[in-house]
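*Asks:* Structure below; questions to follow.
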Amino acid sequence: LAKFPTPAYKKKAVVVVGEPDAEYKARVQQLMLDDKRTGGQNLKRKEERQRARAKMMDERKKKKTANKKAGQAAKDEAEPEAKEEDGEEEAKEPEAEIVVALTAEEKAMYCRKTERHDVAPGVIATNYSKYSLPTKDEGFDEIVYQWQPEAAAQKVIKDWIFARKLTQRIEHLKPGADFKEAWGKWTKTLQAWRRLQNEWKDAGKRKALLARRAEEKKKAFEAKKKEAEEKGEALPAEESAQPMEVDVDGLDVFAVEDVTDIGSGAPLFANFAYEDWALLSIRFELHLLLHSFKKDANDPDVTSFTAKDLAFYYNRYFNKMFSVKNFAMEKLEDFADLIKDTLSIDQSSGFLQAVLAEDTP
């Protein structure tokens with residue numbers, strides 16, 4: 001509007017939002033009928049051409065067989081072409097008018113669907129949250145609401161944007177600083193745990209590991225003893241340097257305070273196989289993804305996403321592909337049941353939810 005600053009121009013905005021008037025609906029329905037009629041005529045012509053060609057090929061085959069038996073194949077060689085011309089003449093006969101009608105669903109529509117979009121889906125996905133109706137503050141002299149009054153039109157836009165937020169993935173979303181920090185810590189922790197598992201499996205390294213831990217416990221006890229003496233408090237009981245016996249099969253994993261030492265010196269993951277590490281990793285990744293998405297979207301209306309966008313956001317955050325088939329599953333619902341202590345799917349909205357709080361250790 002800045003290009004038309006002079007009073008010679010009257011800047012008028014016409015808003016066509018919401019349910020249109022009866023005249024517009026009738027026009028749209030007539031266009032839909034015309035589209036269906038044209039489509040029906042094209043389909044009919046195509047079917048007629050296919051039938052004519054099939055008939056021609058059948059007659060040609062019969063002629064060729066008859067001529068071969070009679071030894072007259074060369075004499076009647078040009079006859080099929082004549083048949084083809086006859087078929088073309090028949091196709092030029094006046095066509096009967098095709099009767100079409102709109103379905104109940106089509107009658108309820110007031111926006112005609114076409115092959116080409118008015119606005120590219122990618123443009124809408126990137127900019128829909130910025131859409132708004134015109135105001136006089138923008139420089140308009142007059143604003144006309146042609147279909148719905150201003151309040152109703154504003155509600156239509158607000159509801160449309162909100163619905164988009166619930167279903168449209170955020171193409172421009174980028175992982176935030178909190179995610180990068182948490183992901184970096186997790187990567188280092190996981191690598192340390194894998195190294196610890198390898199050390200525990202090696203008899204020589206295991207012995208050195210236990211000796212090192214015993215020395216650390218001794219130093220910790222001496223430090224506590226010295227502190228108690230300085231404060232005049234009762235001396236702490238000295239812990240045994242020998243690892244205690246632990247029933248691994250009956251162990252409550254959620255009661256373990258230190259996953260690197262369950263009490264016997266062994267790490268909780270001492271006997272993890274490839275599948276165990278994979279499930280551990282995906283649990284943390286999905287937990288981190290869901291909490292990070294809520295932060296990075298930075299929109300109170302957008303707190304999660306549905307299953308259809310999981311692969312997109314997983315790739316955006318972790319730069320790798322996600323598929324439930326990697327875990328021998330066909331549906332995300334089945335996979336969510338496998339890791340139900342980490343991931344759940346809201347039955348009403350279909351949104352993915354983190355089971356554990358963000359600050360869960």
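The values are calculated or read from the model by the stated rules, or taken from the named source; none is laboratory data. Computed from a predicted model, the values in this text were never measured in an experiment. With ideal geometry, Cβ positions are generated from the backbone for all residues, glycine too; neighbour counts draw on all protein chains shown. These accessible areas exclude ligands, DNA and RNA; they are computed on the full protein's heavy atoms, side chains included. Shrake-Rupley method; radii C 1.70, N 1.55, O 1.52, S 1.80 Å.
*Asks:* Pairing the Cα long axis of helix 203-231 with the longest principal axis of the chain, what angle in degrees results, from 0 to 90 and rounded to the nearest 10?
*Replies:* Between the helix axis and the principal axis of the chain, the angle is about 60 degrees.
*Asks:* Tilt of helix 150-167 relative to the longest C-alpha principal axis of the chain, in degrees (0 to 90, nearest 10)?
*Replies:* So the inclination is approximately 60 degrees.
*Asks:* Right, here's the next one. So which trypsin sites (Lys or Arg not before Pro) in segment 156-197 pass both tests, a DSSP loop state and at most 16 other Cβ atoms within 10 Å of the Cβ?
*Replies:* Those that pass, being in a loop and sparsely packed, are Arg169.
*Asks:* Can you send over the carbon and sulfur percentage of the accessible area for the chain, probe radius 1.4 Å, protein chains only? Kindly include the intermediate steps, with their values, before the conclusion.
*Replies:* Numbers: 13430 of 26060 Å².
The computed percentage sits at 52.
*Asks:* Can you work out the FRET efficiency for the pair Lys11 and Asn298, with r the C-beta to C-beta distance and R0 = 51 Å, to the nearest 0.05? Can you show the working numbers first?
*Replies:* Details: r = 34 Å, r/R0 = 0.68.
For Lys11 and Asn298, the calculated efficiency is 0.90.
*Asks:* To the nearest 0.05, how large is the calculated FRET efficiency for Phe140 and Glu358 if R₀ is 35 Å and r is the Cβ-Cβ distance?
*Replies:* Numbers: r = 46 Å, r/R0 = 1.31.
Between Phe140 and Glu358 the formula returns 0.15.
*Asks:* Oh, and also: Calculate the length of the line joining the C-alpha centroid of segment 317-351 to that of segment 1-70, in whole Å.
*Replies:* 43 Å
*Asks:* Using 12 Å as the cut-off for backbone N distance, which residues of segment 22-60 belong to the label zone defined by a point 7 Å from the Cα of Glu106 along Cα→Cβ?
*Replies:* 29-41
*Asks:* Per residue of the chain, what 222 nm ellipticity follows from adding -39500 (n - 2.57) for every DSSP H run with n ≥ 4, rounded to the nearest 500? Provide the component values of the computation, followed by the final result.
*Replies:* On the way: 10 runs with 185 residues, N = 361.
It comes out at -17500 deg cm²/dmol, rounded to the nearest 500.
*Asks:* Looking at segment 312-361, which trypsin sites (Lys or Arg not before Pro) are in a loop (DSSP not H, G, I, E or B) and have at most 15 other Cβ atoms within 10 Å? Don't skip to the answer; put the middle values down first.
*Replies:* On the way: sites: Arg316, Lys320, Lys325, Lys331, Lys340; in loops: Lys320, Lys331, Lys340.
Qualifying residues, ordered by number: Lys320, Lys331, Lys340.
*Asks:* On C-alpha positions alone, give me the angle between the axis of helix 79-91 and the longest principal axis of the chain, in degrees, nearest 10.
*Replies:* Taking the Cα atoms of the chain, the angle to 79-91 is about 80 degrees.
*Asks:* To continue, here is another question. Before I look further, what does the chain give for accessible area per residue, probe 1.4 Å, in whole square angstrom?
*Replies:* Numbers: 26060 Å² over 361 residues.
The answer is 72 Å² per residue.
*Asks:* Work out, step by step, the length gained on full extension between Tyr128 and Ala152: first 0.36 nm times the residue separation, then minus their alpha carbon distance; give nm to one decimal.
*Replies:* Working: separation 24, 0.36 × 24 = 8.64 nm, distance 1.88 nm.
Fully extending the segment from Tyr128 to Ala152 adds 6.8 nm.
*Asks:* Using label points projected 7 Å from each Cα along Cα→Cβ, tell me how many nm separate Ala203 and Ala54, to one decimal.
*Replies:* In this crude spin-label approximation the distance works out to 8.0 nm.
*Asks:* Let me ask something additional. With springs only between Cα atoms under 10 Å, which of Thr103, Thr135, Thr65 fluctuates most in a Gaussian network model of the chain?
*Replies:* Maximum fluctuation in the GNM of the chain, among the listed residues, is at Thr65.
*Asks:* Dipole of the chain, Cα-centred, from +1 at each Lys and Arg C-beta and -1 at each Asp and Glu C-beta, to the nearest 20 debye?
*Replies:* Numbers: 64 positive and 68 negative charges, 287 e Å.
Approximately 1380 debye in magnitude.
*Asks:* Nearest 0.05, what FRET efficiency do Arg195 and Thr306 give at R0 = 45 Å with Cβ-Cβ as r? Display every interim value, and only then the final one.
*Replies:* Numbers: r = 38 Å, r/R0 = 0.85.
My answer for the efficiency is 0.75.
*Asks:* While we're looking at this one, here's another question. Under 19 Å Cα-Cα from Lys12, which lysines qualify once same-chain neighbours fewer than 8 residues away are excluded?
*Replies:* Within reach: Lys3, Lys136.
*Asks:* Which pairs, out of Lys205/Lys225; Lys180/Lys320; Lys36/Lys308; Lys107/Lys165; Lys185/Lys205, put more than 23 Å between their alpha-carbon atoms?
*Replies:* Values: Lys205/Lys225 30 Å; Lys180/Lys320 15 Å; Lys36/Lys308 33 Å; Lys107/Lys165 28 Å; Lys185/Lys205 25 Å.
Beyond 23 Å between Cα atoms: Lys205/Lys225; Lys36/Lys308; Lys107/Lys165; Lys185/Lys205.
*Asks:* Select from segment 256-357 those GluC sites (Glu not before Pro) which occupy a DSSP coil region and have at most 11 other Cβ atoms within 10 Å, ordered by residue number. Intermediate values should be presented prior to the final figure.
*Replies:* Values: sites: Glu257, Glu275, Glu285, Glu330, Glu333; in loops: Glu257, Glu330.
In loop regions of segment 256-357 (DSSP not H, G, I, E or B), the sparsely surrounded GluC sites (Glu not before Pro) are Glu257, Glu330.
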